[in-house]
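Input: a single structure, listed below in structure tokens.
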Amino acid sequence: MTLRIRENSIALIGWVLLSLCLVPLRVAAEEPSADFLRQLRQHGFLSQADAYLDRMEASPFVSASFQQTIPFERAVNLAESAKTCDPQSAINKMSRAYDQFKLFATENPDSSDFESAVRWQRNVRVQLARTQVALARSKDGKARDQLYGESLTNFRGALRLFNAEAERLKEELADLQSQPNAADDPAELERLGQAYLESRMTAAAIRFEMAEPQKENPRKYAQQLDLAERGYKELSETYRRRVVGRHALFLRGRCLEELGKKQQALGLYRELLDPSEQPPVMVNISAQAAARSIDCMSEDPRQIGAAIDVGEQWFQNVKGSDYDSPEVMQLRLSLGRAYCHRAQTGGNSRRMQAAAKKYLVPVANSDLSLQVEAKELLASFESDTDVVSAVEITDDVRELKDYNQASRSAAALLDRLKTASGTLRLYQSRLSETEDPLRREEIEQGLEVAQEQVLQDRRLGLAMYRRSLELAPRDLPAEERCRLLYLCSYLLYHDDQYLSAVVTGEFAARRLSDQPSARSAAMLVLASYFKLYEERKLGSPDEAQAISQNLVEISRFIATRWPDAKETQEALLTLIRFMAAEGELAQLQEYLDRIPADSPRRGSAELIAGQALWTHYQRLRAASADPSTSVSSEALDQLLERTHQTLQAGVERMKSTGKTSSLVLAILCQAELALDDGDPDRAHSLLTDTVLGPVRLAEQQDRTTAGLEARIFKAQLECQLEQLAAGKAVPQREFDSTIEHWSRSLADSPDKNRYVRAAISEIRRDLKRQLDALPQRAQEQFAQALTRMLDQVRSDVQDSTLQFNVADCYSILGESLRAADGRDSALANKLLATAGEMFAALSQAAANGSTADPSLRMQIDMRTARVMQQSGNIDAALDAYEKILVKRNTAITVQIDAARALQSAGDQGQPEYYVQAAKGTRRSESSGKNTIWGWEKIARVVHAQIQRQPEQRARYEDHFFDAQLNFARCRLGQALAAPPEGRQKYLASALRIVNTAMAAYADMGNWREEFEQLKTNIEQAEDS
Amino acid sequence: MKYAAMGIRISCAVVILVHMAGAAAQAQRSDAVITQDGNQVRGRIKNVSKNSVTITAKGKDEVIAANEVRYIALGNEPSLLRQARRLIDKEDINEASAVLGRIEPSSLEDESIRQEFAFLQAVVMGKQVASGKVTPGKAAKTTLSFLKSHKLSCHYYQAVRMLGDAALEMGNSEKAIQAYGQLANAPWIETNLNGLVLIGNALRWDGALEEAVGKYDEVLATEASSPAAERQKSLAMAGRAACLAERGKIDEQISALEKRVAETEATDSHVQACLNNALGDCYRAADNALDAELAYLHTHLLFFRDAEDHAEALYRLEKLWQNDGRGTKATEARETLQTKYGGTRWAKKP
């Protein structure tokens, strides 16, 4: 028994306990917003909860206090969503959630959610560490060490938080107890006491869990366990009679076990063994102690009898009916396992097997993750009829009294099933070809009858095969027996009973592996595990992990047992698909290498592997943009090279077999890779190859490109853009044709709106970067083609978000063209005017309240301001800024944009705006203050903020330097526009501003250079 | 020994006195009228009509309008009847049905008790239509029989509405509209408005959108502004918006509905559900599936008390999820719809 196995359950105990006491104790809010969010989360609608928060952020219909808690609620969503994703994503999400909770707690110490945020911080951090440990177990080498290291950092952080919480609660308790009327509030005393104990328990659990990551270093490992054991000892001795004390006693035993002090551990467990007259929670602790006692004792074959006695005694003593708790199920499993050992090593094996069965069957039938082991144990000594015991035998099947009769009936039924399945397929294909509604209705009715028939025949077939196995003579040839089991497994698989299909198929595959049907049975087991894995990977990640191990195990079995069979390569292909989906690239390569180069499967495997590597590369490259990740450029280059080679090998090998969807997809990946590698010519030739070019095939609407069209034409578009950027000519009609095909492929997609929305959003995201990379002429060419597409989209959309994105595309195009071509570009003017028109309509809709998406309102005003500014309409731009700032006067980034707009108007020959940029404008009638602050006030406010919260300096100092620098520039601008006699005061003021900023902050980073340059400019102006 | 004997005698006397007091209390148990706002008026019911109940309390007659009566508890009614009423009030309809089943109708001698019994039976049946336990035809028959036998019951207009609901579930909008039309005869503006809203709903279901909007507009144009009338206006607003959304007209509907949702008490589940469902329809018409989903989810997760509203939201969510490729969620919604509201027209709608 390794620490890992035990660790799972102790982590579970810890987590359950933690959940009991530390699941955020938010006071139920009265607003439906809070209730709605809670309900959304409870029902797993987490992305909807995020979308809801987006809406509420700008909604006038929720309270200000709720709006303040939105960052907190977002963090809760993130933490909740981590529970249902793969470990790596869970780690990323929990890390982000942790940071967000921390930020919220720092920024909102007076919020009613402050305590909840701190509590979440603690919980998330400990859970983050646990997930890192769990993931580390499946890795090796550096990856594992890194995860273990990170988990220790998080465990230590969590431990500090829990210890601090325990201290705080202790003080609070002491305070309360010292008050004369303390006894008046026993509930509060009880709550504080309970919370205090729970914090201490969790701290002890963390110490225990910190042992595993240090296992490589025996001294540290033992020290860590020793620390944990002492923590539990203190708790168990202080609170001997309370549940927490009993629980601590049990966990102390676990520590001693890990330290190798088994006898001492058994001594502690003994104190807990009697479950009689105990409340359910104590019964469960007692069951855990009994299970651990059995497992400990069973390690010594001489003690198995005594171990069995412990379990039997427990079940004799227990009163009440709560026999289905996970703890009691674990005990059943331990006892069943002990009986299995006894059956293998001692005499009287039939009686031992019967006893084992008694305890294992309920576990196998439960929905706990323990069922996998229970089923395996049962299968290890069950007969062939036992493994199909899940199949129900109806009374009419029971009428069959003779093996020959039963097997003949089963065979006849199998024939009928084949016919019914054929009919079903026929109906399905007719349905897909028929459009006439009357005819469709007729076919649908036929389809329904055929489906029912197949279902009934399958169940009946299963019952008959089970009956055949029951009636089979002892001397039934093994070949026939194996065939019957394989057919049962086959029918179970198609009846979606995957676990039963595994048990039956595995019996045939392993016990009767010499028989011809065994290989097919093994393949069924593999397929069933794959299905089970898919089913469980979201809901039960732990179980999915166990299943994935079984999946790998059966694949290895197939590869070893039948190394030359075609099934082996099929199994390896399945494994490659699995590893590709999981991103396990090292293992993927290992399995790929095991398929011989001359195998017909090798090419397919390379195509799958190549695509997986390409997806993985793209993901890693995206992650490498984040400075907190440690993806080196060498690692990326190596991965790219490997991807290139694998795809190339697969494509070369598969070219001779003719075009297939998989091959076309691989060629598309090659083209994307070439684009990424800065080789648009190669991408172009791959995409437009006359035989296998995805673009050519998609233009001919070849079925191998079905579902890929949008991606193909997007690659082609990027390719043409790259060619333009490299100064090559691309005929306008080719460009137009690509955009037209792309638009059409989006419109042809099953959900046109979704794709158009996604495409526009994608164009918008990359547009500026793409435009900046193009030479001026190419910019116009691209802008013209894209404008045609945008005009088309614009004409038939109502969705305000989509309208917004389209308008934004126009404005980005207009801005870029203007930057390149100056104020006189007719196309730029037209684009900016269209953008302005669209934003104005959206702004009007927002003012009427008929914009579907309220969160867009502020963004619309911001964009309107920007477009107006670009169009040279500074007053309209200021109107838009004012509109925002009236509602959110302290929105610092908006204030900065407004000041910049004013300054830019000054730079463009209207110096009167410099003074407004410096000192602000748009005086509010009610407050008498400027709504648009100007640089001076921005600098003052930001400086005060930094003084108040020095820890926030990094966040604000750029704003401060920016504001000071531009304040001084405005003064310089005023000076240069003033008559010579009036210049000096502005120049002196500019110099003073620069000197003040430089004196206030010694460490100015890159800003110093800019200030120095400005100072020189001012001095030069003085001299002239 | 002496004291012990005395003790026994005293105990016996106490027991006898307690029994006597109990019997006296039982004989004198008063009738009670419980009003919509939860107040109780105890006394002896003197007169009942379809418009009011007159109860004599402390020597004075008090007239309570029938639309203010939540329920009546008769002093001499069997305790099972009382228990059934309590269960209906708690929406435990299946249990209420079982309790009513234990009452032997022939044992009910008093006409007013027979009337209450018949009414509760009709209510239970009406409420069981949604789950499919009772067919709408059977519910309609029971309600009709109650109306025929008890034309002067204070539950008259309630029963008329129930009859309309059952007819609508049977697919007979004409009969439903006929029944709802009778609500116009009630002396209370709120009930009249409710009749118009229900007619609008029936017309909407039949696809007669223009006419439905006309009915809703009538409600919205009324000058009554009591909380109950405003409630009906909210329902009319929801119905009108849903009609317009179906015709692709969503201008200003969304912001008006959002505002109304914010103004409506979160405890008024039915109105909230109707407004949110209508909001979902508008977002759907605006091709904004995400906000439509959020609106229907409000009904599904928060305002699900009314079977009809919840069934509608489930139906819409199923379609949205189906279109969005979320098959598992769509199947779950369909299963909930079939299991909980298999008898509603939403469960039967393709």
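The values are calculated or read from the model by the stated rules, or taken from the named source; none is laboratory data. Since the structure is predicted, the reported quantities are computational estimates derived from the model, not experimental observations. Don't worry about glycine lacking a Cβ; one is built from the backbone with ideal geometry, like all the others, and counts go over all protein chains shown. When the accessible area is computed, the model is the full protein with side chains, heavy atoms only, and any ligands, DNA or RNA have been set aside. Shrake-Rupley method; radii C 1.70, N 1.55, O 1.52, S 1.80 Å.
What to note about this one:
- Verdict on A:Val449 being of a type in the set (Val, Ile, Thr), over 20 Å from A:Ala565 (Cα atoms) and buried (at least 20 other Cβ atoms within 10 Å of the Cβ): no
- Answer residue from the stretch A:81-111, given it is in a helix (DSSP H, G or I) and of a type in the set (S, T, N, Q) and is least open to solvent (accessible area, probe 1.4 Å) among those: A:Ser81
- Checking each residue in the stretch A:121-144 for being assigned to a helix (DSSP H, G or I) and without any contact (Cβ under 8 Å) to a residue 12 or more places away in the chain picks out A:Gly141, A:Lys142, A:Ala143, A:Arg144.
- Here A:Glu31 passes the criteria (1) open to solvent by less than 20 Å² (accessible area, probe 1.4 Å); (2) modelled with pLDDT under 75; (3) facing chain B (nearest Cβ under 10 Å) except the one numbered (1).
- Of the residues making up the stretch A:675-703, those that are assigned to a helix (DSSP H, G or I) and either buried (at least 21 other Cβ atoms within 10 Å of the Cβ) or within 31 Å of the chain's Cα centre (by Cα) (or both) are A:Leu675, A:Asp676, A:Pro680, A:Ala683, A:His684, A:Leu686, A:Leu687, A:Pro694, A:Val695, A:Leu697, A:Ala698.
- Count - residues of the stretch A:764-806 that are modelled with pLDDT under 70 and within 14 Å of chain B (Cβ to nearest Cβ): 4
- Identity of the residue in the stretch B:225-262, among the hydroxyl-bearing types (Ser, Thr, Tyr) and more than 14 Å from chain A (Cβ to nearest Cβ), that ends up least open to solvent (accessible area, probe 1.4 Å): B:Ser234
- Matching residues in the stretch A:243-274 - criterion: being farther than 17 Å from A:Gln224 by Cβ and free of Cβ contacts under 8 Å to residues at least 24 places away in the same chain: A:Gly245, A:Leu249, A:Gln263, A:Gln264, A:Gly267, A:Leu268, A:Arg270, A:Glu271
- Only listed residue being modelled with pLDDT under 85 and more than 9 Å from chain B (Cβ to nearest Cβ), chosen from A:Leu20, A:Leu53: A:Leu20
- Among residues that are assigned to a helix (DSSP H, G or I), over 21 Å from the mean Cα position of the chain (by Cα) and either surrounded by 15 or more Cβ atoms within 10 Å (Cβ to Cβ) or of a type in the set (Val, Ile, Thr) (or both), B:Leu87 is not included.
- Scanning the stretch A:288-304 for residues that are within 42 Å of the chain's Cα centre (by Cα) and either surrounded by fewer than 17 Cβ atoms within 10 Å (Cβ to Cβ) or on the phi > 0 side of the Ramachandran plot (or both) gives a single hit, A:Glu299.
- Complete set of residues in the stretch A:420-440 that are surrounded by 14 or more Cβ atoms within 10 Å (Cβ to Cβ) and of a type in the set (Gly, Ala, Ser): A:Ala420, A:Ser421
- Within the stretch A:911-931, being in contact with a Leu (Cβ under 6 Å, 6 or more places away or on another chain) and either among the hydrophobic types (A, V, I, L, M, F, W, C) or over 17 Å from A:Asp875 (Cβ atoms) (or both) holds for one residue alone: A:Ala917.
- Subset of the stretch B:47-79 [over 24 Å from B:Tyr157 (Cα atoms) and part of a strand (DSSP E or B)]: B:Ala57, B:Lys60
- Whenever a residue of the stretch B:96-108 is under 13 Å from B:Ser79 (Cα atoms) and open to solvent by 50 Å² or more (accessible area, probe 1.4 Å), it has no partner that is of a type in the set (Gly, Ala, Ser) and not in a helix (DSSP H, G or I) lying with C-beta atoms less than 6 angstrom away and at least six residues away or across chains.
- Among the residues of the stretch A:229-246, none qualifies, meaning not one is in a helix (DSSP H, G or I), at pLDDT 90 or above, under 19 Å from A:Val133 (Cα atoms) and open to solvent by less than 50 Å² (accessible area, probe 1.4 Å).
- Within this structure, B:Tyr283 passes the test of being within 8 Å of chain A (Cβ to nearest Cβ) and among the aromatic types (Phe, Trp, Tyr).
- Any hit, the stretch A:898-914, residues being more than 24 Å from A:Gln859 (Cα to Cα), free of Cβ contacts under 8 Å to residues at least 24 places away in the same chain and not aromatic (Phe, Trp, Tyr): yes
- Across the stretch B:288-318, the qualifying residues are those that are at the interface with chain A (Cβ under 10 Å from one of its Cβ atoms) and over 24 Å from the mean Cα position of the chain (by Cα), and the one among them that is surrounded by the most Cβ atoms within 10 Å (Cβ to Cβ) is B:Glu293.
- Among the residues of the stretch B:154-169, the one identified as part of a loop (DSSP other than H, G, I, E, B) and hydrophobic (A, V, I, L, M, F, W, C) is B:Cys154.
- For the stretch B:319-337, the set of residues classified as within 16 Å of B:Leu301 (Cα to Cα) and facing another protein chain (nearest Cβ under 10 Å) consists of B:Lys329, B:Glu332, listed by residue number.
- Residue in the stretch A:67-77 that is without any contact (Cβ under 8 Å) to a residue 12 or more places away in the chain, surrounded by fewer than 20 Cβ atoms within 10 Å (Cβ to Cβ), more than 29 Å from A:Glu535 (Cα to Cα) and not hydrophobic (A, V, I, L, M, F, W, C) present: yes
- Residue within the stretch B:204-224 that is assigned to a loop (DSSP other than H, G, I, E, B), open to solvent by 30 Å² or more (accessible area, probe 1.4 Å) and within 14 Å of another protein chain (Cβ to nearest Cβ) present: no
- Residue check for A:Ile554: assigned to a helix (DSSP H, G or I) and under 30 Å from A:Thr84 (Cβ atoms): yes
- Conditions (1) more than 15 Å from the chain's Cα centre (by Cα); (2) modelled with pLDDT under 90: number failed by B:Leu144: (2)
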